[in-house]
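The values are calculated or read from the model by the stated rules, or taken from the named source; none is laboratory data. Predicted model, so just to flag it, every value in this text is computed and none were measured. Cβ sites come from the backbone with ideal geometry, for glycine too, and all protein chains shown count toward neighbours. What goes into the accessible areas is simple: the full protein's heavy atoms, side chains included, and nothing from ligands, DNA or RNA. Shrake-Rupley method; radii C 1.70, N 1.55, O 1.52, S 1.80 Å.
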Amino acid sequence: MQLTAPAARRTGIRDTDGMAVASFVLGLLGLLVLNVFLGPLAIVLAGVALWRGTARRGRALLGIGLGVADLLVLVAFMSADNTMSWSL
């Protein structure tokens with residue numbers, strides 16, 4: 001079954017909207033756990049969603065901001081503990 005051009009375009013937009021929302025959720029979750037993995041993943045997903053032209057531009061920008069915040073939290077805890085990881 002081959003998709004026509006408009007059907008393929010709708011699927012692509014829905015995929016990019018999903019990436020924008022996923023980047024927001026992963027960035028938010030990364031503030032609590034696994035920020036070394038979830039922060040960069042949120043940044044990459046948001047960047048791809050913005051590059052592909054998502055309709056949820058605000059969510060993608062929040063995903064980038066939260067991904068950067070994840071990494072800043074990681075750096076702050078690492079410098080406080082003088083270790084390569086952090087724990088509560």
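Numbers for the structure displayed
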{"item": "Output for segment 15-24, where each listed residue is aliphatic (A, V, I, L, M) and either closer than 28 Å to Thr83 by Cβ or buried (at least 21 other Cβ atoms within 10 Å of the Cβ) (or both)", "result": "Met19, Ala20"}
{"item": "Which listed residue, of Val36, Val44, is at pLDDT 90 or above and either of a type outside the set (Lys, Arg) or surrounded by 15 or more Cβ atoms within 10 Å (Cβ to Cβ) (or both)", "result": "Val44"}
{"item": "Restricting segment 53-80 to residues that are more than 17 Å from Val33 (Cα to Cα) and modelled with pLDDT under 90, the residue that is most open to solvent (accessible area, probe 1.4 Å)", "result": "Arg56"}
{"item": "Neighbours by Cβ (under 6 Å, 6+ apart or cross-chain): first from segment 22-50, more than 8 Å from Gly63 (Cα to Cα); second assigned to a helix (DSSP H, G or I) and of a type in the set (Val, Ile, Thr)", "result": "Asn35/Val73; Ala49/Thr16"}
